[in-house]
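Working notes, beginning with the structure itself.
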Amino acid sequence: MFSQLKPAIMLTLVLTVITGILYPLAVTGLSQLMFPHQANGSLVTRGGALAGSELIGQNFAKPEYFHMRPSAAGTNGYDAAASSGSNLGPTNPDLAKRLQKDAAAYHAENKSTAAIPADAITASGSGLDPEISPANAMIQAARVASVRGASQDDVRSLVNARTQGRQFGFLGEARVNVLALNMALDERFPVRK
């Protein structure tokens, strides 16, 4: 029996060293050499201070900023340590009530009667999606322009400049990274005091 147990133990130890130590070190080392920005979380700094990550949504609640999708991550949303969706199905009456409430708030906040893009009132699966649709951004542009004292055309031009097309020309949908857009807003149209 020991003659069968010894090779199994040795193989387990060898594979543990290869797959648990050597491979992760090699992948981490290569990623740090080849893609340091991405390997370190795609962090964005402004004025030497951390502003956020390109990959993780955060709550922009002030009227002078473009707002993210709703978030069900954590107690108050946008908690990267508690990434999750609401898990409310399409037949759940609680979801219908929340969507109606959020739609009314969206129309009131943006003073718009336009059709609401789905991403404006529905949370993503992670609750931390960093991007919104261009349609959502265009509806919010009037509010943002008004608060910042800029023209709607200028703010919409900024949205268009920050809009990313489909990946590889056919994957996904066009999108706007909200952190990058809001940082560009602060730079180009500072908030009036």
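So here's what we get for this one:
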| item | result |
| --- | --- |
| Subset of region 37-71 that is small (G, A, S) and within 13 Å of the chain's Cα centre (by Cα) - its residue that is surrounded by the most Cβ atoms within 10 Å (Cβ to Cβ) | G57 |
| Residue satisfying condition, being at pLDDT below 95 and surrounded by fewer than 16 Cβ atoms within 10 Å (Cβ to Cβ), within set F168, F189 | F168 |
| Among the candidates V147, V155, residue that is closer than 26 Å to A103 by Cα, assigned by TED's automatic domain parsing to the domain that holds F66, surrounded by fewer than 19 Cβ atoms within 10 Å (Cβ to Cβ) and touching a residue at least 12 places away in the same chain (Cβ under 8 Å) | V147 |
| Every residue from region 127-139 that is in contact with a Ser or Thr (Cβ under 9 Å, 6 or more places away or on another chain) and assigned to a helix (DSSP H, G or I) | P134, A137, I139 |
| Within region 1-116, helices (runs of 4 or more DSSP H) holding 2 or more residues that are aliphatic (A, V, I, L, M) | 2-17, 23-34, 93-110 |
| Among residues of region 145-185, those that are closer than 18 Å to P70 by Cβ and assigned to a helix (DSSP H, G or I), counted | 4 |
| Out of A104, A137, A180, A184, sole residue that is more than 21 Å from E54 (Cβ to Cβ), among the aliphatic types (A, V, I, L, M) and assigned by TED's automatic domain parsing to the domain that holds S53 | A104 |
| Hits in region 88-108 - residues which are surrounded by fewer than 11 Cβ atoms within 10 Å (Cβ to Cβ) and either farther than 24 Å from Q140 by Cβ or in contact (Cβ under 8 Å) with a residue 60 or more places away in the chain (or both) | G89, P90, T91, P93, D94 |
| Checking A161 against (1) modelled with pLDDT of 95 or more; (2) outside the structural domain of P70 (by TED's automatic domain parsing), the condition it does not meet | (2) |
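The values are calculated or read from the model by the stated rules, or taken from the named source; none is laboratory data. Everything quoted here is computed from the prediction, not taken from an experiment. Note: ideal-geometry Cβ built from the backbone for every residue, glycine included; neighbour counts use all protein chains shown.
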